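Chemist: One structure follows; several queries about it will come next.
Where a number appears in this text, it was derived from the coordinates with a stated rule and is not lab data. A quick note: this is a predicted structure, and the numbers were derived from the prediction, not measured. Note that we place each Cβ from the backbone using ideal geometry, even for glycine, and neighbour counts take in every protein chain shown.
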Amino acid sequence: MKSPWLHCLACEAEHPLAELYRCPACGGELQIVYDTVGLRKSGALARTWRLPGSIWQRFSALLPQQDAGRIVSLGEGSTPLVPSERLAARLGVKAAYLKLESSNPTGSFKDRQISIAMSKAREWGRTGFGTASSGNVGVALAAYAARAGLKAQVWVSASVAAAKRQQIQVYGARLFLTPENTPEHTLANQAFFNGMQAFCIEQGLVPMVSARPVNPYMVEGGKTIAFEVAAELAQMPDRFFAPVGGGGCMGGCWKGFMELHEAGLTEGLPKLEGAQMVKGHVPVDRMDDPAFSGPEFFRPLDGHWAWQAIQATGGSLRPISAQETQAAQADLAAQEGVFAEPQGVTAYAGLLKAAQEGALRSDETVVCVITGAGLKDMDAARMICEEAGYFTPRPVRTLAGSVPDLVL
């Protein structure tokens, strides 16, 4: 069975696994490829992928790590796939599941990406890491660097939730603030993401932006979500709802489902259903539309990949407004007992929208990814409480004169 290798998506050149972030032949985008035909014949993955254990134990045959002694882990992955009969009834489907990536060590699916990319970088002897982040990658990088005794530098917008900025710092990473995410600063913040690869290489840092064009090892983490979903269900779901964001989660999950299928472990592919925040973002189905070429629009670095995944599987893309996100966040907490941050419920908002459109069938099994924990943004939770008109607790006296009870 062949070892994994790097494949250039532009010139088709192949390279051995190494510290390469772009194709040395043409500068094109790289993707890690595995010998899935060999895996099918050997049965190596078939023996482990549905067993209990970490992503490193279960899926090592489809991960780039070659030295197990260099793995950096906090117990990421193996997150709950929670069935909900109530949600299924509301949606009008056979079965509905929530994949709670909010249960990862730092509260988001980014832990998977950082663990895999950092572990690989340790094989190369690297000790310094840098990222431009919307928050969660920065938190995960800071935590995993602390775990391994490594150095991390993180750039985030000044408008990122205070809780995320504090978490980055409490782990000991160096935090730098870029301008707030306002229309006039979109171009500047986009430049930080686009230029992070070159900047990090110049500074001797490993670029840890979760986008395939920046670091092809990072997006290998997202696909382990797909591995776990298929393993626990013992089949592919009919529809898989995921957020678009930068596109790497959607693209990575598609890669994961494809690899399982090519290795002969599953039949068919789910329809990948994307949900994308509309404000200030280029829709991934219109990445080349001149109408969205202005500096006020953020361009998802893996946008083309995400749209390719949706199209290839017969899925759909649904635009999500800030109002729909807030409603979905409140609904998920009150109806399902799951508290997620606004960005973490994007896919859930897409799922609710699909049901409202009548796009779901009664014989379908659907899975929805919840990507981030609610404690990452308590200001958003306060807004939901104010919008709902919840009463402020007031103290009352007790007969024993002890610490006052709190009643609503």
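Chemist: For the peptides 90-96, 7-13, 347-353, what is the packing order when you average, over each peptide's residues, the other Cβ atoms within 10 Å and list the highest mean first?
Modeler: The packing order, highest mean first, is 347-353, 90-96, 7-13.
Chemist: What list of ³J(HN,Hα) values in whole Hz, one per residue of the stretch 285-299 in order, does the Karplus curve 6.51 cos²θ - 1.76 cosθ + 1.60 (θ = phi - 60°) give from phi, with Gly and Pro shown as x?
Modeler: 8, 9, 4, 9, 7, x, 5, 10, 8, x, x, 7, 10, 7, 9
Chemist: List residues of the stretch 108-140, by number, whose backbone nitrogen lies under 19 Å from a label position 7 Å along Cα→C-beta of Asp379.
Modeler: Once the point is set 7 Å along Cα→Cβ of Asp379, 133-139 turn out to lie under 19 Å by backbone N, inside the stretch 108-140.
Chemist: Let me ask something else about it. Alpha carbon centre of the stretch 1-41 versus the stretch 144-170: separation in Å?
Modeler: The two parts, judged by their Cα centres, are 31 Å apart.
Chemist: On to the next question. Show which lysines lie in cross-link reach of Lys94 when reach means a straight Cα distance below 18 angstrom and same-chain residues fewer than eight apart are skipped.
Modeler: Lys271, Lys353
Chemist: For Lys151 and Ala334, FRET efficiency with R0 = 35 Å and r from the beta-carbon atoms, rounded to 0.05?
Modeler: 0.25
Chemist: Which of the lysines could a cross-linker bridge to Lys2, judged by Cα under 22 Å and excluding same-chain residues fewer than eight apart?
Modeler: Lys41, Lys120, Lys223, Lys255
Chemist: By count of other Cβ within 10 Å, fewest leading, how are Met208, Met258 ordered?
Modeler: The order, fewest Cβ neighbours first, is Met258, Met208.
Chemist: How far is helix 346-356 tilted, in degrees, relative to the longest principal axis of the Cα atoms in the chain, given as a value from 0 to 90 rounded to the nearest 10?
Modeler: It works out to around 70 degrees.
Chemist: What is the spread of the Cα atoms of the chain along each of their three principal axes, largest first, in whole Å?
Modeler: Here the spans come out as 74, 52, 50 Å, largest first.
Chemist: What spacing in nm lies between the two simple spin-label points modelled at Gln323 and Ala25, each 7 Å away from Cα in the Cβ direction?
Modeler: About 5.2 nm, to one decimal.
Chemist: Here is a further query. Output the peptides 145-154, 381-390, 52-61 sorted from most to least packed, where packing is the average of other Cβ atoms within 10 Å over each peptide's residues.
Modeler: Sorting 145-154, 381-390, 52-61 by mean packing, highest first, produces 145-154, 52-61, 381-390.
Chemist: Report the FRET efficiency, 1/(1 + (r/R0)^6), for Val37 and Glu180, where r is their Cβ-Cβ distance and R0 is 56 Å, rounded to 0.05.
Modeler: 0.70
Chemist: What is the calculated FRET efficiency for Ala188 to Ala359, with r their C-beta to C-beta distance and R₀ = 51 Å, to the nearest 0.05?
Modeler: For R0 = 51 Å, the calculated efficiency reads 0.85.
Chemist: Of Met378, Met118, Met277, which has the largest mean-square fluctuation in a 10 Å C-alpha GNM of the chain?
Modeler: Checking each option, the largest mean-square fluctuation is seen for Met378.
Chemist: Please work out the C-alpha center-to-center distance from the stretch 71-89 to the stretch 223-276 and express it in whole Å.
Modeler: If we compute the Cα centre of each part, the gap is 14 Å.
Chemist: Going by average Cβ density within 10 Å per residue, which order do the peptides 191-199, 303-311 take, highest to lowest?
Modeler: 303-311, 191-199
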